[in-house]
Every structure is written in C-alpha cells, then in structure tokens.
C-alpha cells in the first residue's frame, strides 16, 4: 500500500488512478467532517473540497501531510459555505459564531442516539472554530502540529484553544459525562 506522498507524486505525474485512490482513502473522513456540521450540504461540500484540491494540487508543497492539506481545504469550503448562508447585514466571526446561529435546519441535529444528539447539539453551540478544532482533534485524530497547520497557529496556541474549547463544551453539557466521553472516544461519529 502506497503512502499519501507516493500516490501524490504519481498523481502529479499523470497517473489519474493514484489521485482517485488518494481521494478514496480520505473520503469518509472529509464526508464525516461536513456531515457533523451541515448534513444536507455534505455531498456538495465534499465535492467542492475535492475539486478545490484538484485545482490547487500543484501548490501543495508537501510540508504537511496530505490529510492536513485536505482538511485545510475542507475548513475553507465550510467557511465559504457559511458565509454564503449568512445574511448580508450580519457579522460573521468564526471565533464567536456557532453553527446554530447560521444553520438552523434539522440536519444540524444528527444521530439517533439521545446522547449523541446532545453532544452534537452542544458542539453546535460552540463557535465554529471551537467545533472544528475539537472534531478534527478527537474524531479525526489530528495533533496540535497538524491543527496548527490547518488554523495557521503555533501548536502551543492550538493546545490552549483546545483546552478552552473543551471547557466551553463541558459547561454546555453541564457535567453530562456520557456526552463528554463520546467526544473523546475516537469511534464516535
């Protein structure tokens, strides 16, 4: 099994199958990233993310992992989508605005299980940056260095923001230990 950089090199050399394999390898994670935030638009946003990747692949310098690069594109696509949904006169700051403030469709409350719904709803009340940060860290297993590359921040700042985001989530969940456990359980989806 080739690693991401080998596939990337092959793809850049014209081997279309290598690019397809690279996308297939990361498709589920990117889809889940959007599904947890705006499920009704997940398909479109995944397509936009992979199209943006295809269009910008020549710019990828391989200083970070391909996965980090892809999540950076996904984050940018999410933010562009949220900006398009925002009213013209409203201020949109991803450090203070939550998804509940922007996206109010039933698709934002995912899951069948009561605790999973509560967790997702609690995540939805956080700022977009905090929600994205927590999900990328705990559901996509990205470390502070990778998150720093995505958010363009030093790893120490990422760790501080993670701590604050966990505290905000804990306050929102008001001691609901089961919901908090689900966030930190890598298998929670």
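Residue 183 fails exactly one of the following numbered conditions: (1) buried (at least 16 other Cβ atoms within 10 Å of the Cβ); (2) modelled with pLDDT of 85 or more. What is the number of that condition?
Looking at each condition in turn, residue 183 falls short on (2).
Examine region 26-37 for a residue that is surrounded by fewer than 18 Cβ atoms within 10 Å (Cβ to Cβ) and more than 21 Å from residue 123 (Cβ to Cβ), and state whether such a residue exists.
Looking for residues that are surrounded by fewer than 18 Cβ atoms within 10 Å (Cβ to Cβ) and more than 21 Å from residue 123 (Cβ to Cβ), one finds at least one in region 26-37, hence yes.
Every residue in region 42-71 that is buried (at least 19 other Cβ atoms within 10 Å of the Cβ) and over 16 Å from residue 5 (Cβ atoms), please.
Hits for region 42-71 are 45, 46, 48, 49, 50, 71.
Please determine, by comparing only the residues of region 81-107 that are in a helix (DSSP H, G or I) and touching a helix residue (DSSP H, G or I) at 6+ places or on another chain (Cβ under 8 Å), which one is modelled with the highest pLDDT.
Going through the qualifying residues, I end up with 81.
Could you tell me which of the residues 122, 146, 116 is crowded, with 19+ Cβ neighbours inside 10 Å, in contact with a helix residue (DSSP H, G or I) (Cβ under 7 Å, 6 or more places away or on another chain) and modelled with pLDDT under 90?
It is 122.
Looking at residue 163 and the list (1) under 13 Å from the mean Cα position of the chain (by Cα); (2) closer than 18 Å to residue 95 by Cβ, which single condition is not satisfied?
For residue 163, the failing item is (1).
Residue 62 is checked against (1) at negative phi; (2) at pLDDT below 80 and fails just one. What number does that condition carry?
Every condition holds for residue 62 apart from (1).
The values are calculated or read from the model by the stated rules, or taken from the named source; none is laboratory data. Please read these numbers as outputs of a predicted model, since none were measured by experiment. Glycine also receives a Cβ, built like all others from the backbone with ideal geometry; neighbour counts cover every protein chain displayed.
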